[in-house]
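What follows is one structure encoded as structure tokens, with my remarks underneath.
The values are calculated or read from the model by the stated rules, or taken from the named source; none is laboratory data. Keep in mind that this is a model prediction, so the values were computed, not measured. Every residue, glycine among them, receives a Cβ derived from its backbone with ideal geometry; neighbour counts consider all protein chains shown. Ligands, DNA and RNA are stripped out before the accessible areas are found, and what is left, the full protein with its side chains, is counted by its heavy atoms. Shrake-Rupley method; radii C 1.70, N 1.55, O 1.52, S 1.80 Å.
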Amino acid sequence: MDRHGLYTRMKLALLPVALALSSGCAGGGEAPAPETAEGPAPAYRLEYWTPFSGGDNRFMTEMVDRFNAEHPDIQVKQTNSRLDDYYQRLRTAILAGNAPDVAIIHTTSLPQFVQNGYIEDVTEPAKRAGLELGGFNPNILDAATYDGRMYAVPLDTHALVLYYNKKHLAAAGLLDEEGRPTIAGGPEGFESFLARIKEAVPSGVAPMAQPSTRIDSVWLWWSLYNQMEGGGVFYNADATAAALDNPKALEALEFVNGLYEKEFIPPDINDAFKLFYDGKAAVLITGMWGTGAFEHAPGLDFGVVPMPVLYDRPAVWGDSHTLAIPTRHDMADGKRDAILTFARWMVEHGELWAAAGHVPSLTKVVEGEALRALKYRGDYAATADYVAYWPRHVKQWSMIEVLIREFERMIYKRQTPAEALRRADETIDTELRP
């Protein structure tokens, strides 16, 4: 299991993309380049690193191209790399003094970059660029803010949603008059929903598609655990020990495990994304980044709704892409302002990024006509208000990997849900020791 290629790996087989792997590190000089026969050189050239795979990169590239066309004085060069080694390469570049001018960083990875001084506080440059903090979705903004200071400009949120195949749900009699799934309340209602699908669909169709390995079961568990009153606790009060071995966490995990045990999720699924794309799954709970891909699936009649609320309150796993400025001691304010001009343009044109499936970070973009004109996105845009982000911990990625390993052992019946949580707690406690 690679460390950071957790939630883009299923898209690779569907939408081909050229992955530009940069062997050198960017930066760009501060002085303008000489004029050419095509006209004056831009005042600023910005190196921009991204970790997008699959369909996301196509949309991002189109946005960069459009920005460049509208800003001849600021030209951005995008370098897209594999997500699985992206953060290691970015940290190495920063430490070597060869960082790009601007880089995408997920909010889950921000704590390490902030604590180690790897990225700049962008609060004042953002104000100079005209970025009003009050314009962002508060839940998304909070994930990029530390002690009242903004360390990155949030671009989006991307959270779990429920995709459904209308043909299969219609066969089970589970669509309402508007073509939405009819799911009774509570965990029992969701199991009943899947049971009816299982009875109605052909044997080769999965009632629900989820991989037997990797992070998907962890995302689903975290969503349900956060839906419970008193749930969502990961560490003790001072984050010196794990706190996952508790009744709420166990209840959520036993429900997830039950979906596998009852074979509402068939065993040994490798590529759940492709299974749904090919029409061989009735339901898929995955990230909203799938929307842009499913729209291009031949013959797929699908819909998408927010993650169902099975317990006490809406909550769902999610993360956000942010635009951060890696620390560069030789950067002039003029270039820093050019970077924030780029960042402001990106978030203010969030409807272009929403075409990939994400929910934009600016409220006015979410409420704008351009986004409302996009099919499906409005059906789950409110999800951004209740995303349950991972805790802000510098070792959070390592802790998620612990959960992945223990949940995989559970799914393959090598341990019980209670044993999985107990072993996860023990391992996390060991890794947290100084």
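Miscellaneous remarks
- Test: residue in the range 195-205 that is under 26 Å from GLU408 (Cβ atoms), outside any helix (DSSP H, G or I), over 22 Å from the mean Cα position of the chain (by Cα) and not polar (S, T, N, Q): yes
- Candidate set from the range 403-412 (those that are open to solvent by 50 Å² or more (accessible area, probe 1.4 Å) and touching a residue at least 40 places away in the same chain (Cβ under 8 Å)); member that is nearest to SER217 (Cα to Cα): ARG405
- Per the listing ASP379, ASP429, ASP425, the residue uniquely of a type in the set (Asp, Glu), under 30 Å from GLU351 (Cβ atoms) and surrounded by fewer than 20 Cβ atoms within 10 Å (Cβ to Cβ) is ASP379.
- Screening LEU250, LEU244, LEU259 for residues that are aliphatic (A, V, I, L, M), under 20 Å from LEU169 (Cβ atoms) and out of contact with any Lys or Arg (no Cβ under 7 Å at 6 or more places or on another chain) leaves exactly one candidate, LEU259.
- Search result, residues across the range 53-68 that are within 15 Å of the chain's Cα centre (by Cα) and either outside any helix (DSSP H, G or I) or over 16 Å from ALA354 (Cβ atoms) (or both): SER53, GLY54
- Of everything in the range 145-163 that is over 16 Å from TRP317 (Cα atoms) and hydrophobic (A, V, I, L, M, F, W, C), the residue that is farthest from the chain's Cα centre (by Cα) is MET150.
- Of all residues in the range 270-301, those satisfying the criterion of being part of a strand (DSSP E or B) and not polar (S, T, N, Q) are ALA281, ALA282, VAL283, LEU284, ILE285, GLY287.
Per-residue answers, yes or no, for (1) at negative phi; (2) among the small types (Gly, Ala, Ser); (3) modelled with pLDDT of 95 or more; (4) in contact with a Gly (Cβ under 8 Å, 6 or more places away or on another chain):
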{"residue": "VAL233", "(1), (2), (3), (4)": "yes, no, yes, no"}
{"residue": "TYR260", "(1), (2), (3), (4)": "yes, no, yes, no"}
{"residue": "LYS274", "(1), (2), (3), (4)": "yes, no, yes, no"}
{"residue": "ALA281", "(1), (2), (3), (4)": "yes, yes, yes, no"}
{"residue": "LEU284", "(1), (2), (3), (4)": "yes, no, yes, yes"}
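- Subset tally (residues that are within 13 Å of GLY303 (Cα to Cα), in contact (Cβ under 8 Å) with a residue 12 or more places away in the chain and open to solvent by less than 60 Å² (accessible area, probe 1.4 Å)) for the range 175-198: 2
- Yes/no for ALA239 being open to solvent by 20 Å² or more (accessible area, probe 1.4 Å), among the small types (Gly, Ala, Ser), farther than 22 Å from GLY287 by Cα and out of contact with any Phe, Trp or Tyr (no Cβ under 6 Å at 6 or more places or on another chain): yes
- Options GLU419, GLU351, GLU367: the member that is without any contact (Cβ under 8 Å) to a residue 60 or more places away in the chain, under 25 Å from ALA103 (Cβ atoms), open to solvent by 30 Å² or more (accessible area, probe 1.4 Å) and not aromatic (Phe, Trp, Tyr): GLU351
- Taking helices (runs of 4 or more DSSP H) as the structural unit, those lying wholly within the range 91-154 and holding at least 1 residues that are in contact with a Lys or Arg (Cβ under 8 Å, 6 or more places away or on another chain) and surrounded by fewer than 22 Cβ atoms within 10 Å (Cβ to Cβ) correspond to 110-115, 123-128.
- Selection status of GLY97, at positive phi and without any contact (Cβ under 8 Å) to a residue 40 or more places away in the chain: no
- Conditions (1) open to solvent by 30 Å² or more (accessible area, probe 1.4 Å); (2) in contact with a helix residue (DSSP H, G or I) (Cβ under 9 Å, 6 or more places away or on another chain); (3) modelled with pLDDT of 95 or more: number failed by VAL394: (3)
- In the range 23-43 there is at least one residue matching the filter, namely being hydrophobic (A, V, I, L, M, F, W, C), open to solvent by 40 Å² or more (accessible area, probe 1.4 Å), within 16 Å of PRO326 (Cα to Cα) and modelled with pLDDT under 95.
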